[in-house]
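Visitor: This structure is in structure tokens; I'll ask about it shortly.
The values are calculated or read from the model by the stated rules, or taken from the named source; none is laboratory data. What you see is a predicted model; the values in this text were computed from it and never measured. Here the Cβ positions follow ideal geometry from the backbone for every residue, glycine too, while neighbour counts run over all protein chains shown. These accessible areas exclude ligands, DNA and RNA; they are computed on the full protein's heavy atoms, side chains included. Shrake-Rupley method; radii C 1.70, N 1.55, O 1.52, S 1.80 Å.
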Amino acid sequence: MTYTLIMLAAIATGVLVRRRSGASLAIPRWQSALLGLGAFIGGALFAKLPYVLTDWEGLRSGNAWLADGRTLTWGFVGGYLGVEIVKWALQIRMKTGDTFAVPVAASVAVGRLGCFVGGCCFGRETDLPWGVDFGDGLHRHPTQLYEAAFHATAAIVLNAIGRRGAFPHQRIKLYIMSYMVYRFFTEWLRPEPIVGLGLTFYQWSAMAFFALFAGLFAMDRQVSSETPIGAT
């Protein structure tokens, strides 16, 4: 029950932050709502996808999509893709990511507190004084709190960047890229299995997705530099 309430609070936080920021898109509200829905559906599906594809028995029975297990690493990519699909379907040509960056970071920061309360996504065993027993008798890294702090900090930094007008149309990519770097290095604090060359599945995913968004970032910067002043 507490986990559910915190997740609802996370969604409410994202909505509230977006409204208070005054960020809006020059499109009808129904289109803006569809963009949010596309982000939610895409994020939810991709967050679950790695678990579904590795649960062949559950996939055959149809229970894989209902079982526990989601990853934010893939969820970010799915959310981005979901928005792009909706934009393509509605023929929306403008950049929209800047309006989502701070609200999403704030929402995820709160959501990770739900993971901490729910006892999921914890880290490896540690002797550090802030280690937490999540029910198995071992003191572990509270990686959920580490990540909540990361996303809260990201929200503050992205807001400051936005107020200065820096990195226009690139902030959501900066956020996702920074998370992939964070996730790659903090993965060594998590009890995930090694899949190849001493790295976990999520470290390989983080590297691949960082490269993807770095490429998108570079492409957008190139287009911006070639666009004449005053062009739309």
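Visitor: Which value in Å does the Kirkwood hydrodynamic radius of the stretch 145-191 take, with 1/r averaged over all unlike C-alpha pairs and then inverted?
Guide: Answer for the stretch 145-191: a Kirkwood hydrodynamic radius of 11.5 Å.
Visitor: Here's another thing I want to ask about it. Can you give me the accessible area per residue for the stretch 1-50, using a 1.4 Å probe, in Å²?
Guide: 65
Visitor: Something else now. Could you work out what % of the accessible surface of the stretch 111-232 is carbon and sulfur, using a 1.4 angstrom probe and leaving DNA, RNA and ligands out of the count?
Guide: Ligands and nucleic acids excluded, carbon and sulfur give 67 percent.
Visitor: Report the charge-dipole magnitude of the chain in Debye, nearest 20, computed about the Cα centre from +1 at each Lys and Arg Cβ and -1 at each Asp and Glu Cβ.
Guide: For this selection, approximately 1000 debye.
Visitor: I need the semi-axes of the equivalent ellipsoid of the chain: take the C-alpha gyration tensor, multiply each eigenvalue by 5, square-root it, list largest first in whole angstrom.
Guide: Working through the eigenvalues yields semi-axes of 31, 20, 19 Å.
Visitor: With charges only on Cβ, +1 for K and R and -1 for D and E, what is the dipole size of the stretch 99-220 about its Cα centre, in debye, rounded to 20? Walk me through the numbers on the way to the answer.
Guide: Details: 9 positive and 8 negative charges, 111 e Å.
The dipole magnitude comes to about 540 debye.
Visitor: Just to confirm the number: angle between the C-alpha axis of helix 143-164 and the first principal axis of the chain, 0 to 90 degrees, nearest 10?
Guide: Once rounded, one gets 10 degrees.
Visitor: Given the rule -39500 (n - 2.57) for each run of at least 4 DSSP H residues, summed and divided by the residues of the chain, what is its mean residue ellipticity at 222 nm, to the nearest 500 deg cm²/dmol?
Guide: On the way: 8 runs with 155 residues, N = 232.
So the helix-based figure for the chain works out to -23000 deg cm²/dmol.
Visitor: State which stretch of the chain is the longest one without any exposed chymotrypsin sites (Phe, Trp or Tyr not before Pro), exposure meaning a DSSP loop state and at most 15 other Cβ atoms within 10 Å.
Guide: 131-232
Visitor: Here's a follow-up. I'd like the Karplus ³J(HN,Hα) series for the stretch 170-183: coefficients 6.51, -1.76, 1.60, θ = phi - 60°, whole numbers in Hz, and an x wherever there's a Gly or Pro.
Guide: 10, 5, 5, 5, 4, 5, 5, 4, 5, 5, 4, 5, 4, 5
Visitor: Next question. Whole-Hz Karplus ³J(HN,Hα) for the stretch 107-112, in order, using 6.51 cos²θ - 1.76 cosθ + 1.60 and θ = phi - 60°, x for Gly and Pro?
Guide: 5, 5, 4, 5, x, 5
Visitor: Provide the three semi-axes, in whole Å and in decreasing order, of the ellipsoid equivalent to the stretch 98-225 as defined by the square roots of 5 times the Cα gyration tensor eigenvalues.
Guide: Working: eigenvalues 186, 71, 18 Å².
Output for the stretch 98-225: semi-axes of 30, 19, 9 Å.
Visitor: Taking amide H positions as placed 1.01 Å from N in the peptide plane, with prolines and chain starts having none, which residues 5 or more places from Leu199, or on another chain, fall under 5 Å of its amide H?
Guide: Under 5 Å from the amide H of Leu199: no residue qualifies.
Visitor: Suppose each label sits 7 Å from its Cα in the direction of the beta carbon; what would the Tyr146-Trp188 distance come out to in nanometres?
Guide: 1.0
Visitor: What residues qualify as long-range amide H neighbours of His139, i.e. H under 5 Å apart, gap of 5 or more or another chain, H built at 1.01 Å from N?
Guide: Answer set, sorted by chain and number: Thr126.
Visitor: Here's something else I'd like to know. Could you derive backbone 3J(HN,Hα) for the stretch 198-211 from the dihedral phi with the Karplus parameters 6.51, -1.76 and 1.60 (θ = phi - 60°), listing whole Hz in sequence and x where the residue is Gly or Pro?
Guide: x, 10, 8, 4, 6, 5, 5, 5, 4, 5, 5, 6, 4, 4
Visitor: Using alpha carbons only, how many degrees (0 to 90, rounded to 10) separate the axis of helix 72-90 from the longest principal axis of the chain?
Guide: Its long axis makes an angle of about 30 degrees.
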